[in-house]
Amino acid sequence: MSLRKPFLCLMLAALVFSFPVLAEEDEPTINEEAEDFAKDFKKNIKRLTEGELFEGIDKIAEYYMNAEVDDKGARKAIMEAFAKAAVHKNKAVVAHFAKICEKLDTGIVKLVVLVLQKELKARVPSDQVYEPALDTIGKLHSEDPKVVKMLTDLYKNKDSSIISRAFYASSLYGPASGNTRKEMFEEVVKQTEGTHAASQSNDETAKRKWTICGRDAMDALNALSVPPRTVPDFATPADARKWFNDNKKIPWDPRD
């Protein structure tokens, strides 16, 4: 499905009528094409249907990942168009933007964090938005200290579903450096060992929380600890704590 007239067709028509005798060598470069598309998307974003917005975001993502799109003006236009999509009123559009960003690189992570933080300020945050945003942050596994802190701070969120998704995102940080994995591992242990211990008694609140968060917490602990862990997966946070106390002072990066 093509973008409707006010968005792309009129832009192309204007180019044709303005330059009726364009020679073949005067066709727009990929940088010009990307910049024009991104600027037009930003300008017409309020007029586009949901489907057209999805298509526009996908196309801009293609330009973003195209190594030939290297002009500063084109890159700036792309980021400005993405910034508009990131704060759109339609949650489905924002969710689509957050999801498509998992295919990009860490240069886009600040906009995804913006999406997440904006949604978490809502009276009732929507999992339609925060789940793909957290998933993308995990898949990009940015080691920017601000991103890592934002993620580990969510381990203390009042909503167990958000905590669980933050643990899931952390479990995707396996490719990260040893220092980042160690930092995140220790924070997961700190925020889960008490909950798990209490859940084994008559603490119903802890039981409910562990039921929601437990699997993702253990997945995070097991993923973040390799290397250097060579022993079998941890069964409980207490197992993870014991192992961590024995291994926290050694390097966690792979060795030759």
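Exactly one of (1) without any contact (Cβ under 8 Å) to a residue 40 or more places away in the chain; (2) over 16 Å from the mean Cα position of the chain (by Cα) is unmet by E186. Its number?
(1)
Just the residues that are buried (at least 19 other Cβ atoms within 10 Å of the Cβ) and part of a helix (DSSP H, G or I), please, taken from the stretch 224-238.
L224, P237 - these are the residues of the stretch 224-238 that are buried (at least 19 other Cβ atoms within 10 Å of the Cβ) and part of a helix (DSSP H, G or I).
Does I60 satisfy the criteria of being closer than 20 Å to L111 by Cα and either at pLDDT 95 or above or not small (G, A, S) (or both)?
Yes: the conditions hold for I60.
Which residues, counting only those in the stretch 34-49, are crowded, with 17+ Cβ neighbours inside 10 Å and of a type in the set (S, T, N, Q)?
Matches in the stretch 34-49: N44 only.
Right, E52: in contact with a Leu (Cβ under 6 Å, 6 or more places away or on another chain), surrounded by 14 or more Cβ atoms within 10 Å (Cβ to Cβ) and assigned to a helix (DSSP H, G or I) or not?
When the stated conditions are applied, E52 passes them.
Restricting the search to the stretch 147-164, which residues are under 15 Å from the mean Cα position of the chain (by Cα) and under 11 Å from L120 (Cβ atoms)?
M150, L154, I162
Does S164 satisfy being of a type in the set (S, T, Y), within 27 Å of A92 (Cα to Cα) and modelled with pLDDT of 95 or more?
Taking the combined requirement at face value, the residue satisfies it.
The values are calculated or read from the model by the stated rules, or taken from the named source; none is laboratory data. The model shown is predicted, which means the values in this text are computed figures rather than measured ones. Ideal geometry is used to build each Cβ from the backbone, glycine not excepted, and the neighbour counts take in all protein chains shown.
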